[in-house]
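A.B. asks: One structure coming up, written as structure tokens, with questions to follow.
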Amino acid sequence: MSARFITLVTVPIFAIFLFWGAQIALLFGPSFAVSQAVVCWLGAGPLISMMFWPSATGLSMTGRHFLELKILAASLIVATALCWVAVPAFGQLGAAVAMCTSVAVANLTRVLAVRRFIGAFPFGNDIFFIAAAGIALAWGSDTVVAQFSLSSSWSTIAGIGCFVVAYAVA
């Protein structure tokens, strides 16, 4: 699968969680209440992984699977160290930021390794434009729906609905 297709499918899911994730989590009950910032950081990690997935497969498919293992092991060490420092100080938010940072470091390392060994990036600049456009459409939908005095549930439903329609049209 191409990075472009993966990004086209992944960005709307991330954008929904970026703007309405905390309200969606409440569907599972009050014990799942979490700040929007935590949901944003937790969503950013998988988005980064999916957008740069070709780097991981590029290493594995070119016989550099041992390098991939080293990168994953280093990422585990980074995640552990960051969580050890951030969780006691910042709780859930510290854990979310630490894990997202670890994922970003692993994927940046993969991209640089693929660039070094293969001589090209395994994706085009279009993935960044797709991500920016999707997030901008979600922000616009959230801003427009916020102008109406709706309950939290209806605001979430209307915001997601507007965003899905706007993204599908774009």
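The values are calculated or read from the model by the stated rules, or taken from the named source; none is laboratory data. As the structure is a computational prediction, the values presented were derived from the model and not from experiment. Using ideal geometry, Cβ is built from the backbone for each residue, glycine included, and neighbour counts are taken over all protein chains shown. Accessible surface is based on the protein model in full, side chains and every heavy atom, while ligands, DNA and RNA are left aside. Shrake-Rupley method; radii C 1.70, N 1.55, O 1.52, S 1.80 Å.
A.B. asks: Of everything in the range 118-137 that's open to solvent by 20 Å² or more (accessible area, probe 1.4 Å) and in contact with a Leu (Cβ under 8 Å, 6 or more places away or on another chain), which residue is nearest to C162 (Cα to Cα)? Full working, then the answer.
C.D. replies: Taking the range 118-137 and keeping what is open to solvent by 20 Å² or more (accessible area, probe 1.4 Å), we get 118-126, 128-130, 132-133, 135-137.
From the residues that got through so far, the ones that are in contact with a Leu (Cβ under 8 Å, 6 or more places away or on another chain) too are 130, 135.
On the way: I130: 18, I135: 13 Å.
Top of the filtered list is I135.
A.B. asks: Confirm whether A106 is assigned to a helix (DSSP H, G or I), within 25 Å of Y167 (Cα to Cα) and within 18 Å of the chain's Cα centre (by Cα). So that I can check it myself, show each step before the final result.
C.D. replies: Details: assigned to a helix (DSSP H, G or I): yes; within 25 Å of Y167 (Cα to Cα): no; within 18 Å of the chain's Cα centre (by Cα): yes.
Criteria not met by A106.
A.B. asks: Just a yes or no: is a residue in the range 86-97 at pLDDT 90 or above, open to solvent by 30 Å² or more (accessible area, probe 1.4 Å), assigned to a helix (DSSP H, G or I) and farther than 20 Å from V38 by Cβ?
C.D. replies: Checked the range 86-97: no residue is at pLDDT 90 or above, open to solvent by 30 Å² or more (accessible area, probe 1.4 Å), assigned to a helix (DSSP H, G or I) and farther than 20 Å from V38 by Cβ.
A.B. asks: Here is a further query. On the given criteria, is A120 in a helix (DSSP H, G or I) and either within 20 Å of the chain's Cα centre (by Cα) or not polar (S, T, N, Q) (or both)? Give the steps one after another, and end with the answer.
C.D. replies: Working: in a helix (DSSP H, G or I): no; either within 20 Å of the chain's Cα centre (by Cα) or not polar (S, T, N, Q) (or both): yes.
Considered against the rule, which asks whether it is in a helix (DSSP H, G or I) and either within 20 Å of the chain's Cα centre (by Cα) or not polar (S, T, N, Q) (or both), A120 comes out as no.
A.B. asks: With the condition kept exactly as written, say whether any residue in the range 103-112 is touching a residue at least 60 places away in the same chain (Cβ under 8 Å) and either in contact with a Cys (Cβ under 8 Å, 6 or more places away or on another chain) or among the β-branched types (V, I, T) (or both).
C.D. replies: no
A.B. asks: Tally time: how many residues in the range 1-19 are surrounded by 20 or more Cβ atoms within 10 Å (Cβ to Cβ), among the hydrophobic types (A, V, I, L, M, F, W, C) and closer than 18 Å to W139 by Cα?
C.D. replies: Adding up the residues that qualify gives 7.
A.B. asks: Follow-up. Out of the helices (runs of 4 or more DSSP H) lying entirely within the range 1-75, which hold 3 or more residues that are of a type in the set (V, I, T) and out of contact with any Cys (no Cβ under 7 Å at 6 or more places or on another chain)?
C.D. replies: Details: elements: 3-25, 36-51, 53-61.
Of the helices (runs of 4 or more DSSP H) lying wholly inside the range 1-75, those with at least 3 residues that are of a type in the set (V, I, T) and out of contact with any Cys (no Cβ under 7 Å at 6 or more places or on another chain) span 3-25, 36-51.
A.B. asks: If you don't mind, another one. Would you check if W154 is hydrophobic (A, V, I, L, M, F, W, C), at pLDDT below 95 and in a helix (DSSP H, G or I)?
C.D. replies: So W154 passes the test.
A.B. asks: Which residue, of A131, A79, is closer than 30 Å to R4 by Cβ and free of Cβ contacts under 8 Å to residues at least 60 places away in the same chain?
C.D. replies: A79
A.B. asks: Inside the range 138-154, can you point out the residues that are in contact (Cβ under 8 Å) with a residue 24 or more places away in the chain and either within 21 Å of the chain's Cα centre (by Cα) or crowded, with 17+ Cβ neighbours inside 10 Å (or both)?
C.D. replies: The answer is A138, W139, G140, S141, D142.
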